[in-house]
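First the structure, in the form of structure tokens, and then the observations on it.
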Amino acid sequence: MLKRKMLKNWGWPLRIASRGTEVTRLYPEVMMELPAAERGIHELDATTCIGCASCARICPNSCIEMVTYKYGSPLKNKKMQYPQIDYGRCMFCGLCVDECPAECLKMGKKVTMAGWEREDIVRGPDKLAVKKFTAKEAAELAAEAKRIAAEKAAAAAAKKKAAAKEGAPAEGAAKKVAKEGAENKPPKKAVAKEGENKEANAQEPKKEDAKPTEGGAS
Amino acid sequence: MTTASDVLSAVQSAFPGAVLESRVESDRRLWATIDSNSIVDVCKHLSEKLNFDHYSGAAGVDWIARKEMEVVEIMASHGAHQVVAMLKSKTPRENPSVKSLANLFWNANWYEREIWEMFGINFEGHPGLYPLLLGDELVGVWPWRKDFKGYPDLTTGQRAVERPTSEGYTEYFIPPTPAEIEAGTVPKEKPKYPSFREREEKEIKSDSEMIMHMGPQHAMLPGPFLLDILIEGERVHKAFLDMGYIHKGIEKIMENRTWLQGLTYTDRMCYVASLSNNECYCGAIEKILGLEVPLRAQYIRVILEELSRIQSHLIGTGEFMTLIAGVGYAPWNFMIIDRESIISLIESVTGARLTHTFVRFGGVRNDLPEGFSDKCRSALKYIESRTKEYIELFEQDPIYHMRMENVGVLSPDRAKRVGISGPPLRATGVAYDMRKEDPILVYPDLDFKVVTGTRGDSADRIDVRLREILESIHIIEQCLDRIPAGPIKTETKVPKKIPAGEAYYRVEDPRGEMGMYVISDGGDKPYRVKVRGPVYATLQTLPPLLEGVYIADAVAIAGSMDGCPSEADR
Ligand code: SF4
Ligand code: SF4
């Protein structure tokens, strides 16, 4: 009796083994299929990142550092600061992705990042970026930004002049204007937005309707 | 049914004037500040007269602004009623000292030792205030006090000074730098106590006895802890347990992280049960905020937590099989293969295999992906058939029976007294499950029963785990049928600063009762987070359970507890 039971149990592994369940994965020849939600290596859309550093602030391990990067849009990201991630410290928690207001930081399905040196796993925006401007586009954008800045400066100077001319009695009105500006976002910014829209249209037409409409401030 | 206000009035009438402050949060939660002179009497009264037979733990809190310290005793009942009483007693910050409950409740011992070594609160009448989690060189710095300035650097090898010990060995000593002494990070006076080694050697009574070390690195252990057994021949006379090899200080780290950042640390207390740890933390904060979780999110949480329970039980049981080696190595491999399907399911929702960081305050991070329900059902069907096979396999294997039956028997009374929870407690026949006792989420609407055993031995503990897998499958199937459409996060914006308040939230971790006591002072970081984990209680039970057994059985007993030192050493 006892022997029979034991024999039966010894047969058990054989039965299971013949079922054809996948036991060993042939990594790295065959990569396992990963779900869409996978939290792998980050992917940065440098064309929309606004350089707000929210991702760097939320990171529990402080592995995100904001560094300068050329191929982004100076219209959105004035200082051209983009996240650089130290994967020696990253724990793939995904909080940075959740916090990103522009939804430009995502986590992809890539998971391998072996390197010879410590620096190899510190990935700057150039390595993280899945979407970026070409050198030419970036130059154009920079020129555009310059032009807008100049325009803005000119407009501001003109305004100042006008305000000075009107003098003391118009002070209240000037204040009002200033306040209005603050409410609907200052006119200069609206110009910037428009310019950027033109540029960005080619890149990602979808984003356009998501943008806040500038209540006729220009 | 006894409610919290009944308990409060009973205490007030039995001890007039002893309750200094009180708050009835709900039917199930009572908060009271008790006069520190009568805390022992009140607890005694609660346990003897009011069915509070479960001493669940204690937490220390340093209220530096108020110049006082607080010890919060957490008292509950094994099913007689569902009130959890949080009893606070206060003591001044200068020479803090409270009365010990260790003579009243056996399992208060470890909780008080931890509070002593972390906060420096003395417990009058405690049988042995020795450090539990901290290394000897750190005792006396009282690291969890709010004015703690950081550990002295005692690990930098460059400064090490060689010195011979009395036994002729060479020891390395790292003297603190003058800067550290000035900063006040070096303890000025160290408490005196016998070391772990001295304590265990004192117990050697005859020449035929010796101490055998199992650990800190041992094939039997799922993580590092030291189990020293005093043996005479094959018999274990006494067992000693030392922890803290991987103490991470997570509770303190969380005080220095924002509320949301703290979530990632709960994952890492025990990576096999990270979803229930997430749940526990978020649940406590939702309680403080009074947040309502959308129904769909609640269902998603339940589904994932039950999936996580299944995989935890599978790995726990499988690992155990390798330990006793009686049935061979095969079940471990099979269980790991099975577990893989569950892990992939969870991964398809959360995006991570083990450390999920998935539950959010007032919701969850992701919605279920398309086709999840079908995939889940087919995986569960497979797991169900496999689990039934395992149960049958263990039931009929004679070697397994000889090895496991009547080994490490816990009687229901003893199990309740030592404060153990989860499958080891249920194996004794006590149907104590947080999902029923302190129902959260949609658990009250779901139909499931609490799996219990009859004998309370090692075989029963494994059996309870396996049958719980079937029960979890049943729960998930119901959830998949009922899950409504809708949002997965609350509409209410969760503030960066959580309003001042406190909450104690309990979930049923795969290993037992898991509770988190969270205090907010209105800032963007927690003021204090206390984790009452199930494994802590399990490990505390181990030494007395090992007394009188054979050495080989020590492995069968310790393994069947499914203890994860990482969680106890959080
Ligand atoms: S995934 Fe987490 S750890 Fe990694 S960079 Fe983002 S926030 Fe930091
Ligand atoms: S990636 Fe997102 S969060 Fe980080 S700087 Fe760019 S826009 Fe801000």
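The values are calculated or read from the model by the stated rules, or taken from the named source; none is laboratory data. These numbers were taken from a predicted model, which means no experiment stands behind them. Glycine also receives a Cβ, built like all others from the backbone with ideal geometry; neighbour counts cover every protein chain displayed. For the accessible areas, the whole protein counts, side chains as well, though only heavy atoms, and no ligand, DNA or RNA atoms are used. Shrake-Rupley method; radii C 1.70, N 1.55, O 1.52, S 1.80 Å.
Figures for the structure shown
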{"read-out": "Top positive-direction residue, dipole computed over segment B:401-542 with Cβ charges, set B:Pro499, B:Gly456, B:Gly533", "value": "B:Pro499"}
{"read-out": "Mean separation of Cα contacts under 8 Å, 6 or more apart, over the residue count of segment B:25-174: relative contact order %", "value": "18 percent"}
{"read-out": "Equivalent-ellipsoid semi-axes of segment A:33-133, from the Cα gyration tensor, Å, largest first", "value": "20, 15, 13"}
{"read-out": "Separation of alpha-carbon centers, segment B:382-424 and segment A:74-120, rounded to whole Å", "value": "47 Å"}
{"read-out": "Total charge dipole magnitude, segment B:250-569, about the Cα centre, Cβ charges on Lys, Arg, Asp, Glu only, Debye to nearest 20", "value": "840 debye"}
{"read-out": "Peptide-level mean, for B:390-400, of C-beta atoms on other protein chains within 10 Å", "value": "3"}
{"read-out": "log₁₀ of I(q)/I(0) at q = 0.10, 0.15, 0.18, 0.20 Å⁻¹ - segment B:4-135, Debye sum with one point per alpha carbon", "value": "-0.30, -0.67, -0.96, -1.16"}
{"read-out": "In Hz, Karplus ³J(HN,Hα) per residue of segment B:11-19 (6.51, -1.76, 1.60; θ = phi - 60°; x = Gly, Pro)", "value": "5, 4, 6, 6, 10, x, x, 7, 8"}
{"read-out": "Additional length obtainable on full extension of the chain from B:Asp521 to B:Ala14, 0.36 nm per residue less Cα span", "value": "179.2 nm"}
{"read-out": "Solvent-accessible surface ranking, highest first, for B:Lys416, B:Lys192 at 1.4 angstrom", "value": "B:Lys192, B:Lys416"}
{"read-out": "Efficiency of FRET between B:Glu21 and B:Arg414 - r from beta-carbon atoms, R0 45 angstrom, step 0.05", "value": "0.80"}
{"read-out": "Förster-model FRET efficiency, 60 Å R0, B:Phe173 and A:Ala155, C-beta, rounded to 0.05", "value": "0.25"}
{"read-out": "Test item: B:259-271 mean partner chain Cβ contacts at 10 Å", "value": "2"}
{"read-out": "Per residue accessible area of chain B, 1.4 Å probe, in Å²", "value": "37 Å²"}
{"read-out": "Pairwise FRET efficiency - B:Leu470 versus B:Ala431, Cβ, R0 = 25 Å, nearest 0.05", "value": "0.95"}
{"read-out": "Stokes-Einstein translational diffusion, chain B - Kirkwood Rh over all Cα pairs, 1.306 mPa s, 10 °C, in µm²/s", "value": "64 µm²/s"}
{"read-out": "Shielding by partners - mean other protein chain Cβ count within 10 Å, residues of A:25-36", "value": "2"}
{"read-out": "Descending Cα extents along the principal axes, the protein assembly as shown, whole Å", "value": "102, 69, 65"}
{"read-out": "In nm, spacing of pseudo-spin labels at A:Lys146 and B:Asn406 (7 Å Cα→C-beta vector)", "value": "9.2 nm"}
{"read-out": "Kirkwood Rh, Cα atoms: Rg over Rh of segment B:343-490", "value": "1.03"}
{"read-out": "Relative contact order (%) - criterion: Cα under 8 Å, at least six apart; region: segment A:33-133", "value": "42 percent"}
{"read-out": "Where B:Val507, A:Val30 fall by accessible area, highest first, once all protein chains stay in place (1.4 Å)", "value": "A:Val30, B:Val507"}
{"read-out": "Percent RCO, i.e. relative contact order, over segment B:250-569, from Cα pairs under 8 Å lying at least 6 residues apart", "value": "27 percent"}
{"read-out": "Residue order for B:Asp207, A:Asp45 - accessible surface, 1.4 angstrom probe, largest first", "value": "B:Asp207, A:Asp45"}
{"read-out": "Size of charge dipole - segment A:1-158 - debye, nearest 20, with Cβ of Lys, Arg +1 and Asp, Glu -1, no other charges", "value": "920 debye"}
{"read-out": "Note, ³J(HN,Hα) from phi for segment B:129-145, Karplus 6.51, -1.76, 1.60, rounded to Hz, x at Gly and Pro", "value": "7, 10, x, 10, 9, 7, x, 4, 6, 9, 6, x, 8, 6, x, 8, 5"}
{"read-out": "Estimated distance in nm for a label pair at B:Asn103 and B:Asp147, the labels positioned 7 Å out from Cα along Cα-to-Cβ", "value": "3.2 nm"}
{"read-out": "Total charge dipole magnitude, chain B, about the Cα centre, Cβ charges on Lys, Arg, Asp, Glu only, Debye to nearest 20", "value": "1360 debye"}
{"read-out": "Exposure of B:Thr492 as accessible area (Å², to 10), given a probe of 1.4 Å and all protein chains", "value": "90 Å²"}
{"read-out": "26 Å Cα-Cα threshold exceeded, pairs from A:Lys78/B:Lys525; A:Lys79/A:Lys127; A:Lys109/A:Lys132; B:Lys149/B:Lys525; A:Lys110/B:Lys252; A:Lys78/B:Lys497", "value": "A:Lys78/B:Lys525; A:Lys110/B:Lys252; A:Lys78/B:Lys497"}
{"read-out": "Heavy atoms of B:Glu392 accessible to a 1.4 Å probe, total area in Å² rounded to 10", "value": "80 Å²"}
{"read-out": "For A:Val122, distant residues with modelled amide H under 5 Å away", "value": "A:Tyr87"}
